[in-house]
Amino acid sequence: MKFSVSQKVFSITTLAALALGALLAVTFREFSDIRATNDRVLLLASALQTQQSADMMHDALRGDAIAATLAAQRHDEGQLQGIEKDFQEHSREIRTRMEENRQRALDAAIRDRITRMSAPLDRYVAIVGETVALCRRDLKGAEANFIALQKSFHEMEDELAQLSDAIEAAAHQANAESAAHFQAFTRHVLITAAVAFVLLAGLSLAVARSIPRPFAEVIRRLGEAADGNDHSSRALSQNSNVLAEGASSQAASLEQTSASLEEISSMAKRNAEGAARAKELATHARHSADQGTHEVSAMNDAMSAIKESSDGIAKIIKAIDEIAFQTNILALNAAVEAARAGEAGAGFAVVAEEVRALAQRSAVAARETAERIDDSVAKSRHGAEVCAKVAAGLQEITAKSREVDELVGEIARASVEQTQGIEQVNRAVGQMDKVIQNSAARAEEGAGIAQELIVQSSALKDSVAELSRLVGGTATVAPSGLPRASAASPAVRAREFVAA
């Protein structure tokens, strides 16, 4: 089975990772053992320190009994009270220390010994307490009690010494185990590291010897890519010569096109001047049209006012007709009443009054009618004036439109001449189009060849980079053996002709 360079490097890396993992596993396991042993050493050291403190409290209790006896002999009540307080504190302290060691995770034998010491401790504390109490009421009894106190003291002292020796022995044993674990840790790490180093060195040597083998295939691909670049470059050079000849022909057509464009430019300038004048006249015409529109709007307003006045006159006339009708009826009623009454003309008088009132209303209506008629006449006059202004504006618009028509005629004639020039340009463009199409086909073929050349060059660069990475150095590319274009080539001559 053949492996790639990356697979070989990956195998070395994997083996190194496995070796490092094994080394870490061994280190972690040994370190865990060392840590557990160190924790036990610290625990035993703390227990030994607590035991020494309890031993000090054991001596302090006997000192409290002696001090109480001396204070009783001197009849010093204040010191005796202080000794009683010290006794309480010392007895509580020794019990607390013993309980702390009993709660620690010590060996079963040590915990059993601490448990068995509970009874001697209680007896010792009780005897000391009894002695201190007797010092207050029976000094001789207290002195006689010293024999039992001394016996209990030595018993307690022996028990405490044995317990301290047991804790100290366990601490020495734990310390020895810790040192043994550390030595085993060092030995295992060295062995694991040596084995991993030997394996890595062997595999690295094997991979280093097998890496140069893929170079032959890489060099073969480089040769094929170089041959492909040579053929593609030659084809691209031939197509470039064809394109240069087409460019020369295209340059001649461009010269004719340039002359036609100069003539078209002169015509376009004349058309531009005429268009500018036409634009100016059109602007004046637009202003005149706007003014005429404004005047026509005013005329419409005037006509609307006249219509409103006419409607008012019609209403007034209708009111006058109604008044006249009522007047006739009242006059008829007055005649009837006069005929019936004879000399009693009271009713006739009332009718006559109504007739007079109606006559007054008719007079007022007549005056209003006259005023409305005058207003209508004035507005009609104003409408006539507005119409005259509109007519004048329309005449001006007509004159300007005539001038615009003449300018448009000139523009049309210039456009005919311009069309002839454009036809010449079209013929020249047709000739250019044929050449350009041929050049485009050649250019497309050249683009395809160039693309192929780019792909081959990219493959060549990749192969060179791979080779450089494999050998661990830098790669250089030799210049190709293709001839360069001479100064008198067709492409150069075409570019010089176009630039001129």
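Figures for the structure shown
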read-out: Any hit, segment 63-70, residues being modelled with pLDDT under 75 and surrounded by 18 or more Cβ atoms within 10 Å (Cβ to Cβ); value: no
read-out: Index of the failed condition, Q326 passing every other in (1) modelled with pLDDT under 75; (2) touching a helix residue (DSSP H, G or I) at 6+ places or on another chain (Cβ under 7 Å); value: (1)
read-out: Criterion: out of contact with any helix residue (DSSP H, G or I) (no Cβ under 6 Å at 6 or more places or on another chain) and either small (G, A, S) or under 28 Å from T37 (Cβ atoms) (or both) - qualifying residue of D112, D138; value: D112
read-out: Odd one out for M267, checked against (1) modelled with pLDDT of 70 or more; (2) closer than 30 Å to E396 by Cβ; value: (2)
read-out: Pair list, Cβ under 7 Å, 6 or more apart: segment 156-177 residue closer than 18 Å to D33 by Cβ, other residue surrounded by 14 or more Cβ atoms within 10 Å (Cβ to Cβ) and of a type in the set (D, E); value: A170/D107
read-out: Filtered residue count, segment 405-418, keeping only those that are at pLDDT 70 or above and under 60 Å from the mean Cα position of the chain (by Cα); value: 1
read-out: Meets criteria (under 23 Å from D107 (Cβ atoms) and either surrounded by 13 or more Cβ atoms within 10 Å (Cβ to Cβ) or touching a strand residue (DSSP E or B) at 6+ places or on another chain (Cβ under 7 Å) (or both)) for Q173; value: yes
read-out: Residue match in segment 283-297 (condition: under 59 Å from the mean Cα position of the chain (by Cα), at pLDDT below 70 and of a type in the set (D, E, K, R)); value: yes
read-out: Filter result for L134 (modelled with pLDDT of 85 or more, in a helix (DSSP H, G or I), touching a Ser or Thr at 6+ places or on another chain (Cβ under 7 Å) and farther than 19 Å from N101 by Cα); value: no
read-out: Test for E224: is it assigned to a helix (DSSP H, G or I), within 19 Å of Q456 (Cα to Cα), modelled with pLDDT of 70 or more and not basic (K, R); value: yes
read-out: Test result for A119, over 20 Å from G82 (Cα atoms), in contact (Cβ under 8 Å) with a residue 60 or more places away in the chain and loosely packed, with under 15 Cβ neighbours inside 10 Å; value: no
read-out: Odd one out for K318, checked against (1) more than 59 Å from the chain's Cα centre (by Cα); (2) modelled with pLDDT under 70; value: (2)
read-out: Conditions (1) at pLDDT 80 or above; (2) loosely packed, with under 14 Cβ neighbours inside 10 Å; (3) part of a helix (DSSP H, G or I); (4) not aliphatic (A, V, I, L, M); number of the one not met by Q7; value: (1)
read-out: So R340, is it among the basic types (K, R), at pLDDT below 70 and farther than 30 Å from R381 by Cα; value: no
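The values are calculated or read from the model by the stated rules, or taken from the named source; none is laboratory data. None of the values given here were measured: they were computed from a predicted structure. We place every Cβ from the backbone using ideal geometry, glycine too, and count neighbours over all the protein chains shown.
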